[in-house]
1. Quick check on L146: is it more than 30 Å from E72 (Cα to Cα), surrounded by 13 or more Cβ atoms within 10 Å (Cβ to Cβ) and in contact (Cβ under 8 Å) with a residue 60 or more places away in the chain?
2. Considering segment 74-84 alone, what residues qualify as being touching a residue at least 12 places away in the same chain (Cβ under 8 Å) and either open to solvent by less than 80 Å² (accessible area, probe 1.4 Å) or of a type in the set (D, E) (or both)?
3. Confirm whether E20 is over 11 Å from the mean Cα position of the chain (by Cα), in contact (Cβ under 8 Å) with a residue 24 or more places away in the chain, within 19 Å of F149 (Cβ to Cβ) and not in a strand (DSSP E or B).
4. Within segment 58-73, is there a residue that is in contact with a strand residue (DSSP E or B) (Cβ under 8 Å, 6 or more places away or on another chain), within 20 Å of K140 (Cβ to Cβ) and among the basic types (K, R)?
5. Assuming F27 fulfils every condition listed in (1) free of Cβ contacts under 8 Å to residues at least 40 places away in the same chain; (2) among the aromatic types (F, W, Y); (3) in a loop (DSSP other than H, G, I, E, B) apart from one, which condition is it?
6. With surrounded by 17 or more Cβ atoms within 10 Å (Cβ to Cβ) and basic (K, R) as the only criterion, which of R134, R129, R99 stands out?
7. Can you spot a residue in segment 30-46 that is more than 19 Å from A18 (Cα to Cα), assigned to a loop (DSSP other than H, G, I, E, B) and open to solvent by 80 Å² or more (accessible area, probe 1.4 Å)?
8. Within segment 47-64, restricting attention to residues that are touching a Leu at 6+ places or on another chain (Cβ under 7 Å) and either small (G, A, S) or loosely packed, with under 13 Cβ neighbours inside 10 Å (or both), which residue is farthest from E19 (Cα to Cα)?
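The values are calculated or read from the model by the stated rules, or taken from the named source; none is laboratory data. Remember, predicted model here, so these are calculated numbers, not experimental data. In this analysis, Cβ positions are derived from the backbone assuming ideal geometry, glycine residues included, and neighbour counts consider all displayed protein chains. In case anyone asks, the SASA skips ligands and DNA or RNA and just uses the protein heavy atoms, side chains included. Shrake-Rupley method; radii C 1.70, N 1.55, O 1.52, S 1.80 Å.
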Amino acid sequence: MPFSEKDKEIMSLALKEAEEAGKQGNFPIGSALAINGNLIDVGRNQLHINGDWYSHAENRLIEKYSKLIMKEKKKGSKIEIYSTLEPCFMCFGTSLLHRIPNITFGCPDPYGGVAGLDKNNFPIFYRDRWPEIRSGLMAKESCDLLLNFFASKNTKEFREMFNTYKNLKLE
């Protein structure tokens, strides 16, 4: 499915959040929450600021708007999470349990992304709530932020991550 101008506008705001996260020393990952095509808010990765492993961009945003998401879901609103990086299992699970029916991301995550999971391998509770996942929106821009971040770190781990992301085939 092609991306709309509104999709691009919302993802560009998530990219700005990712840039800010990187400036703060966090992985440069940003997210945005939209309801019925209207931006609700943006979030950024805050792992190093908060000193925990929960503070991924999507989780922080969903936690902040959990009650609104529940209310809007009951009304039948279109709820969508945008992320500059393919969601990890934790963020995907948070989205799934909040019954967010649409996830759009930019850069694929070869280390922990879950977009390729087969919903048929999960119990019915999860299969019935499985979201539509769209990938590749502003993938190059999202990936470039990560590449710049990895290049700025001088460790074997980050050099390996840089090489892995540099060789991604983007849509």
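1. yes
2. Within segment 74-84, S77, I79, E80, I81, Y82, S83, T84 meet the criteria.
3. yes
4. no
5. Of (1) free of Cβ contacts under 8 Å to residues at least 40 places away in the same chain; (2) among the aromatic types (F, W, Y); (3) in a loop (DSSP other than H, G, I, E, B), only one is false for F27: (1).
6. Only one candidate qualifies: R134.
7. Looking through segment 30-46, at least one residue is more than 19 Å from A18 (Cα to Cα), assigned to a loop (DSSP other than H, G, I, E, B) and open to solvent by 80 Å² or more (accessible area, probe 1.4 Å).
8. If we take residues in segment 47-64 being touching a Leu at 6+ places or on another chain (Cβ under 7 Å) and either small (G, A, S) or loosely packed, with under 13 Cβ neighbours inside 10 Å (or both), then W53 is farthest from E19 (Cα to Cα).
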